[in-house]
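Student: Supplied in structure tokens, the structure appears directly below.
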Amino acid sequence: MSKKELMLLDWMRKVHQLEYAHCFQSVSFSKTERRTGIWAFILSTVVAFTYRFPFVDYPCVKEYILPFILFIVAILTGYQSFIRPGEKAEKHRELGIEYERIRHQIETILTIFMAHPELDDHIQTVKNRWDSMKTQYVKENHYNDAKKKVISFNKYPKELDFLLDYK
């Protein structure tokens, strides 16, 4: 294998890891938004029904417990309003898709353009596309999970394997 092929495979491995990391981050934000919304709905419904049907006649419940539940609902809805996990989930999903597109572009170069006279131009196009991405950080555990997943495919050479000859 040529050094350019190994370099492209290394890029593809990195891009593949980032693709999965952003997908994992997106799923995490989606789950957070869903859980927060469900809990806010359940708690506010409980409070609404206790006021509508006053079957609980304990002053402690009405003076302390229900206001505390409403306080929790306010925190949950405030979290969704200001942190916006749904928007973050969508952004990470879009980044994951863009990394997938870059990976497919590298696959095309590896399968079609390796003997092409303008190979360096194709490589530079991938590099420019990757460099121009406005990416976001992902949690370290999502990145590590993505790295493990990509390693489990057993398709890529060791990291930076193409630099071994430069020792």
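Student: Hey, residue 88 hits all of (1) open to solvent by 60 Å² or more (accessible area, probe 1.4 Å); (2) assigned to a loop (DSSP other than H, G, I, E, B) but one; which does it fall short on?
Tutor: Result: residue 88 passes all but (2).
Student: Considering only the stretch 92-111, I want to know if a residue exists there that is assigned to a loop (DSSP other than H, G, I, E, B) and open to solvent by less than 60 Å² (accessible area, probe 1.4 Å).
Tutor: Checking the stretch 92-111: not a single residue is assigned to a loop (DSSP other than H, G, I, E, B) and open to solvent by less than 60 Å² (accessible area, probe 1.4 Å).
Student: Here's a follow-up. Are any residues in the stretch 103-152 of a type in the set (Gly, Ala, Ser) and over 17 Å from residue 13 (Cα atoms), and if so, which ones?
Tutor: Once the filter is applied, which keeps residues that are of a type in the set (Gly, Ala, Ser) and over 17 Å from residue 13 (Cα atoms), the stretch 103-152 yields 115, 132.
Student: Next question, about the same structure. What is the one condition in (1) open to solvent by less than 40 Å² (accessible area, probe 1.4 Å); (2) closer than 30 Å to residue 124 by Cα; (3) in contact with a Gly (Cβ under 8 Å, 6 or more places away or on another chain) that residue 20 does not satisfy?
Tutor: (1)
Student: If you don't mind, another one. Determine if the stretch 32-40 includes at least one residue that is polar (S, T, N, Q) and in a helix (DSSP H, G or I).
Tutor: yes
Student: Give the residue that is nearest to residue 7 (Cα to Cα), with candidates limited to residues of the stretch 136-162 that are among the aromatic types (Phe, Trp, Tyr) and outside any loop (DSSP other than H, G, I, E, B).
Tutor: 162
Student: Given the conditions (1) open to solvent by less than 70 Å² (accessible area, probe 1.4 Å); (2) aliphatic (A, V, I, L, M); (3) in a helix (DSSP H, G or I), which single one is not true for residue 133?
Tutor: (3)
The values are calculated or read from the model by the stated rules, or taken from the named source; none is laboratory data. Given the structure is predicted, the values throughout are model-derived calculations rather than measurements. For neighbour counting, all protein chains shown are included, and Cβ atoms are generated from backbone atoms with ideal geometry for every residue, glycine included. These accessible areas exclude ligands, DNA and RNA; they are computed on the full protein's heavy atoms, side chains included. Shrake-Rupley method; radii C 1.70, N 1.55, O 1.52, S 1.80 Å.
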